1. Anything in region 82-93 that is of a type outside the set (D, E, K, R) and either closer than 16 Å to Thr34 by Cα or part of a strand (DSSP E or B) (or both)? List them, or say none.
2. Pick out the one residue from Glu43, Glu116 that is over 23 Å from Ser6 (Cβ atoms), over 14 Å from the mean Cα position of the chain (by Cα), at pLDDT below 95 and surrounded by fewer than 20 Cβ atoms within 10 Å (Cβ to Cβ).
3. Being under 17 Å from the mean Cα position of the chain (by Cα) and surrounded by fewer than 18 Cβ atoms within 10 Å (Cβ to Cβ) is the filter; apply it to region 70-82 and report the residue that is nearest to Ala25 (Cα to Cα).
4. How many residues does region 16-52 contain that are touching an Asp or Glu at 6+ places or on another chain (Cβ under 7 Å) and either among the acidic types (Asp, Glu) or part of a strand (DSSP E or B) (or both)?
5. Is region 64-81 home to any residue that is assigned to a loop (DSSP other than H, G, I, E, B), of a type in the set (Phe, Trp, Tyr) and either in contact (Cβ under 8 Å) with a residue 60 or more places away in the chain or over 25 Å from Ala117 (Cα atoms) (or both)?
6. Checking Phe59 against (1) at positive phi; (2) in contact (Cβ under 8 Å) with a residue 40 or more places away in the chain, only one condition comes out false. Which one?
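The values are calculated or read from the model by the stated rules, or taken from the named source; none is laboratory data. Given the structure is predicted, the values throughout are model-derived calculations rather than measurements. Counting neighbours? That spans all protein chains shown, and the Cβs are built from the backbone with ideal geometry, glycine included.
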Amino acid sequence: MHPTISRMMEVVAKGDDSLIADLLAEDVRFLPPTYWKTWTGREPVAAVLGHVGKVFSDFRYRRVMGDGNDWALEFECKVGVLDAVGVDLITLNSNGVIQQFEVAMRPYKSVGALREAMNARVMTDARFLKFRDALK
């Protein structure tokens with residue numbers, strides 16, 4: 001397994017954006033499961049992923065598929081009391097860091113709960129005022 005993928009699996013659920021930032025390309029693109037927008041840039045993407053790590057509980061990866069620069073990591077977790085499963089689709093760049101990170105997740109009710117929890121967290125995080133422009 002690629003060292004970046006192994007490290008990401010160790011740190012993603014910790015909710016520490018400084019650990020996550022080290023694994024991201026400067027111009028990383030993050031496509032969340034909660035809406036059809038893309039976050040771009042290391043700082044905003046790390047901040048979003050840091051919050052996700054605090055919203056999810058009982059998070060664990062259950063399957064890892066991939067080779068080279070393309071990876072799919074299946075996970076399960078809870079969002080509040082709701083169960084969820086999903087897949088992190090990750091593309092590494094030529095430097096071996098994450099260039100694109102897309103998340104697909106189900107069921108719909110859990111994705112809605114994630115959106116509500118993330119919106120509540122973002123509204124209290126002053127960093128996101130400057131990150132609004134990172135959404136494309």
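1. Listed by number, the residues that qualify are Leu82, Ala84, Val85, Gly86, Val87, Leu89, Ile90, Thr91, Leu92.
2. Working: Glu43 fails: over 14 Å from the mean Cα position of the chain (by Cα).
None of the others qualify; the one that does is Glu116.
3. Initial filter on region 70-82 (under 17 Å from the mean Cα position of the chain (by Cα)): 70-79.
This time we only want the ones that are surrounded by fewer than 18 Cβ atoms within 10 Å (Cβ to Cβ), so: 70, 72, 74, 76, 78.
On the way: Asp70: 15, Ala72: 18, Glu74: 22, Glu76: 26, Lys78: 28 Å.
Per the stated criteria, the residue is Asp70.
4. Residues meeting the conditions: 2.
5. As a first pass, look at region 64-81 and keep what is assigned to a loop (DSSP other than H, G, I, E, B): 68-69, 80-81.
From what is left, the residues that are of a type in the set (Phe, Trp, Tyr) are none.
Looking for residues that are assigned to a loop (DSSP other than H, G, I, E, B), of a type in the set (Phe, Trp, Tyr) and either in contact (Cβ under 8 Å) with a residue 60 or more places away in the chain or over 25 Å from Ala117 (Cα atoms) (or both), one finds none in region 64-81, hence no.
6. Going through the list (1) at positive phi; (2) in contact (Cβ under 8 Å) with a residue 40 or more places away in the chain, Phe59 breaks only (1).
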